[in-house]
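Have a look at the structure below before the remarks.
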Amino acid sequence: MSGLRCQIGPSVLNADLSMAAGEVSRLVAAGADFLHLDVMDGHFVPNLTFGPPFVKCLRNNTPHALFETHMMVSNPEQWIEAMADAGVNQYTFHIEPVKDIEAVCRKVREAGMRVGLALNPGTPISAVEEYIPIADLILVMTVQPGFGGQKFMHDQMEKVKWLRNQYPLLDIEVDGGVGPSNISCCAEAGANVIVSGTAVINSPDPADVIALLKNTVESSLHKCSV
Ligand code: DX5
Ligand code: ZN
């Protein structure tokens, strides 16, 4: 068996955020392996969401779930301590606006969180390659960050394939427009950490969608390891 684990993390971005705690509990009960929390600052992306106080409230309501914050912000270094304090497990930040990526990775780790490095669709793998050894996960965006409910960009699978070929044990995450209609492409390319927003949230049966995503990825992982 491969050492890779398939993990499905619903994004609550397009949920009814006035009922976020209930939504998070509902998704955990439906089989989510982690929660993907989209943090936007209105600078790095043209949208604003929420920050550490909100994440802390969710944490108080859901003490045991794994939380990933997807930091779509211009200065990810600024929020490390506050997010660690809010109970975040994995801090995934975009490399595009960061000058000293290594230093930010180090600070995230020192704060006790896993390190994720995110790439916009237009950012080549070469921009992140030298930091892969000091990261726990690479996030390949499959939409332009900023909004849920956009169309999945198939061309980003080339990056996922390349990463999987080079790094058989790396956690590779995809995020943006992912759902039942394209999960096979993600799985076959080699992604093992799957974010899905509207496909899960808008479904009458989120447990069913999460199970489908998980089964598809797990059968690909199994094929690769036999
Ligand atoms: C986009 C966000 C994604 C997205 C996921 O900026 O990072 O997490 O909202 O939602 P869907 O699956 O609807 O694209
Ligand atoms: Zn996201």
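Taking every residue in the stretch 188-200 that is farther than 13 Å from ILE210 by Cα and pairing it with any residue that is within 6 Å of ligand 1 (Cβ to nearest atom) and in a strand (DSSP E or B), at least 6 positions away or on another chain, yields no pair with a Cβ-Cβ distance below 6 Å. Looking across the stretch 72-94, the residues that are farther than 14 Å from ASP136 by Cβ and either β-branched (Val, Ile, Thr) or under 10 Å from the mean Cα position of the chain (by Cα) (or both) come down to VAL73, ILE80. The set of residues from the stretch 1-17 being surrounded by fewer than 19 Cβ atoms within 10 Å (Cβ to Cβ) and either modelled with pLDDT of 95 or more or within 16 Å of ligand 2 (Cβ to nearest atom) (or both) comprises ARG5, ASN14, LEU17. On the stretch given as the stretch 191-202, residues that are buried (at least 21 other Cβ atoms within 10 Å of the Cβ), over 15 Å from the mean Cα position of the chain (by Cα) and either modelled with pLDDT under 95 or assigned to a loop (DSSP other than H, G, I, E, B) (or both) total 0.
Could you list, ordered by first residue, the pairs with Cβ atoms under 8 Å in which the first is in the stretch 19-37 and over 26 Å from ALA118 (Cβ atoms) and at pLDDT 95 or above and the second is away from ligand 2 (no atom under 16 Å from the Cβ) and of a type in the set (S, T, N, Q), at least 6 apart or interchain? Short answer, once both residue conditions are applied: SER25/ASN61; SER25/THR62. Among the residues making up the stretch 94-116, those that are surrounded by fewer than 15 Cβ atoms within 10 Å (Cβ to Cβ), assigned to a loop (DSSP other than H, G, I, E, B) and free of Cβ contacts under 8 Å to residues at least 40 places away in the same chain are LYS99, ASP100, GLY112.
The values are calculated or read from the model by the stated rules, or taken from the named source; none is laboratory data. Bear in mind that the values here come from a model prediction, so they are computed numbers and not experimental data. In this analysis, Cβ positions are derived from the backbone assuming ideal geometry, glycine residues included, and neighbour counts consider all displayed protein chains.
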